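Below is one structure, written out as structure tokens; comments come after it.
The values are calculated or read from the model by the stated rules, or taken from the named source; none is laboratory data. Because the structure is predicted, anything quoted here is derived from the model rather than measured. No Cβ is skipped: glycine too gets one built from the backbone with ideal geometry, and neighbour counts run over all protein chains shown. Remember, those area values only see protein heavy atoms, side chains included, never the ligands or the DNA or RNA. Shrake-Rupley method; radii C 1.70, N 1.55, O 1.52, S 1.80 Å.
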Amino acid sequence: MAKETPRDSAFLTDVKTLRARARKQIEDGALTPDYELDPDQAIHLLNNALATELVCVLRYRQHAIAATGIHAAPIAAEFLVHSNEELAHADLLARRIVQLGGTPLMDPAGLTERSHAEYVACDDLKQMIRENLVAERIAIESYRELIRYFGDKDSTTRSMLEGILATEEEHADELADLLE
């Protein structure tokens, strides 16, 4: 058994205390007493982000299917890739909501009200690209705000959001290139 150094005792909670607390609060799963945010507010914000991702999944998929014209095939394929990546983001958000003790809200009836982005069906390929780019720009700003909110108080969620943000920025860059 390693000898405890003064630096260890200043940093860590007593091991016996950690063990006892873990056993006593086992039903709380990943949410420990040192969680510094209001879990209900965190879950609410993540459910809004989840709604945004699900609306984006549907919009991108609709655009991928409805895209027509001589240049439509590669753009439709890109829309489908983006849709799948948005779905992966939704899965990450939903899992994190559960880890925080919440329920992912996926009822289609409330998605558009909670979503930051809009669902806009378009007939014109250029309009589809523009609407998706608008939605990506909204997502980028929303994720930056969420990252600031979670900050150092929930590094797990912040890290997840930073990964999602990076993909949203890639999407925006790709869509901007398509408009040129």
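Could you say whether any residue in the range 86-99 is closer than 20 Å to residue 176 by Cα and touching a residue at least 12 places away in the same chain (Cβ under 8 Å)?
Yes, the range 86-99 has at least one match.
With respect to residue 73, determine if the residue is of a type outside the set (Lys, Arg), open to solvent by 70 Å² or more (accessible area, probe 1.4 Å) and modelled with pLDDT of 95 or more.
Here the answer is yes, as residue 73 does meet what is asked.
Test residue 117 against the stated conditions and say whether it is within 21 Å of residue 162 (Cα to Cα), in a loop (DSSP other than H, G, I, E, B) and open to solvent by less than 30 Å² (accessible area, probe 1.4 Å).
Considered against the rule, which asks whether it is within 21 Å of residue 162 (Cα to Cα), in a loop (DSSP other than H, G, I, E, B) and open to solvent by less than 30 Å² (accessible area, probe 1.4 Å), residue 117 comes out as yes.
Keeping to the range 76-108, report how many residues are open to solvent by less than 70 Å² (accessible area, probe 1.4 Å) and hydroxyl-bearing (Ser, Thr, Tyr).
1
Would you pick out the residues in the range 75-100 that are out of contact with any helix residue (DSSP H, G or I) (no Cβ under 7 Å at 6 or more places or on another chain) and among the polar types (S, T, N, Q)? Walk me through how you get there before you give the answer.
Quick first cut of the range 75-100, residues out of contact with any helix residue (DSSP H, G or I) (no Cβ under 7 Å at 6 or more places or on another chain) only: 77, 81, 84, 88, 91, 95, 98-99.
Residues satisfying the conditions are 84, 99.
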